[in-house]
Amino acid sequence: MLFRSIVFADLPGDAVIRYRVDGATPTSADTRYVEPFELAADAELVAAYFVDGTQAGPELRASFRKVSGRTAVKAGDVVPGLVYDYFEGDGWKNLPDCAALTPIRSGTVPRFVVPPHRPDGFAVRYRGYIRIPEDGMYRFFLRSDDGSLLWVAGEPVVDNDGIHDARRERSGELPLAAGLHAIEVRYFDVAAGEVLQVGCAGPGFGKREIPGEWLSRSAAPPAPGASTR
């Protein structure tokens, strides 16, 4: 079972942090934060800092939901790279429903790179597998111009949809077991820059672009319209 570890930054002087996990506002009599602790169940964490027994700052609230770790899949024969489907369209304000569209073409890429495309008004769906190196909690990142969505192990993990520039980044996390997991990313561009960056962070390593050696696809690619989710 995977747990969420809670860590608060150190406070200066005589300030102390007190917290509750039931959604109630902490008082000077509640649990004092001394060292990182783990949550093994759903929790509504509320924390505040106190000086001489008096609350000296605003509350911090965060909700945590217990989720099961996703087990790896048996994908059969796989080869490096990802399958992509390329679509064209005008007037999109969000990602189109790729399953309802006929790709202009399909192909493979070594990682999450934008394949050849027309200047504006296109979308790309990437499908394949990501090899997770060890059990743990993994955070995934999407930065794109314009919108993008990411699924891992059939779960929607990151939503960065809509029309926006590449300054907007979104992230989400999921507990994953070591091994192969289905991954799908959808991306669209309306006009101007074409940017897609897909990253992750996990046990023992910080945020980085998902390396190509972690990505694979079925030796027999799925037909257009199929999904690995």
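The values are calculated or read from the model by the stated rules, or taken from the named source; none is laboratory data. Keep in mind it's a predicted model, so treat the numbers as computed, not measured. No Cβ is skipped: glycine too gets one built from the backbone with ideal geometry, and neighbour counts run over all protein chains shown. SASA here: full protein model, heavy atoms, side chains in, ligands and nucleic acids out. Shrake-Rupley method; radii C 1.70, N 1.55, O 1.52, S 1.80 Å.
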Counting just the residues of region 13-54 that are touching a Gly at 6+ places or on another chain (Cβ under 7 Å) and either polar (S, T, N, Q) or open to solvent by less than 20 Å² (accessible area, probe 1.4 Å) (or both), which one comes out farthest from Lys66 (Cα to Cα)? Ser28
Considering each residue of region 165-208, count those that are of a type in the set (Phe, Trp, Tyr) and modelled with pLDDT under 95, and give that number. 1
Considering (1) in a strand (DSSP E or B); (2) free of Cβ contacts under 8 Å to residues at least 40 places away in the same chain; (3) of a type in the set (A, V, I, L, M), say which one Ala24 fails and leave the rest. (1)
Take Gly128 and tell me if it is in contact (Cβ under 8 Å) with a residue 60 or more places away in the chain, surrounded by 15 or more Cβ atoms within 10 Å (Cβ to Cβ) and more than 16 Å from Leu196 (Cβ to Cβ). no
Pairs returned, first residue in region 91-105 that is closer than 18 Å to Ser144 by Cα, second residue that is open to solvent by less than 80 Å² (accessible area, probe 1.4 Å) and part of a loop (DSSP other than H, G, I, E, B), beta-carbon separation under 7 angstrom, 6 or more apart or interchain, are Trp92/Val190; Asn94/Gly147; Asn94/Asp161; Asn94/Gly162; Leu95/Gly147; Leu95/Asp161; Pro96/Gly89
Being in contact (Cβ under 8 Å) with a residue 12 or more places away in the chain, open to solvent by 70 Å² or more (accessible area, probe 1.4 Å), in a strand (DSSP E or B) and among the polar types (S, T, N, Q), is that true of even one residue in region 2-9? no
Looking only at region 103-113, decide whether some residue is of a type in the set (A, V, I, L, M, F, W, C), at pLDDT below 90 and outside any strand (DSSP E or B). no
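Quickly run through region 169-178 and pick out the residues that are in a loop (DSSP other than H, G, I, E, B) and surrounded by 15 or more Cβ atoms within 10 Å (Cβ to Cβ).
Ala177
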From the list Ala191, Ala153, Ala182, Ala123, which one is surrounded by 16 or more Cβ atoms within 10 Å (Cβ to Cβ), touching a residue at least 12 places away in the same chain (Cβ under 8 Å) and closer than 17 Å to Phe87 by Cβ? Ala123
Spot the failing condition for Arg65; the list is (1) open to solvent by 70 Å² or more (accessible area, probe 1.4 Å); (2) modelled with pLDDT of 90 or more; (3) not small (Gly, Ala, Ser), and only one is missed. (2)
Odd one out for Tyr84 among (1) free of Cβ contacts under 8 Å to residues at least 60 places away in the same chain; (2) over 21 Å from His181 (Cβ atoms); (3) open to solvent by less than 80 Å² (accessible area, probe 1.4 Å); (4) in contact with a Lys or Arg (Cβ under 9 Å, 6 or more places away or on another chain): (2)
Restricting attention to region 209-229, does a residue exist that is aromatic (Phe, Trp, Tyr), part of a strand (DSSP E or B), under 21 Å from Val83 (Cα atoms) and in contact with a strand residue (DSSP E or B) (Cβ under 8 Å, 6 or more places away or on another chain)? no
Considering each of Glu44, Glu38 in turn, give the residue that is touching a Phe, Trp or Tyr at 6+ places or on another chain (Cβ under 7 Å), among the charged types (D, E, K, R) and closer than 30 Å to Leu176 by Cα. Glu38
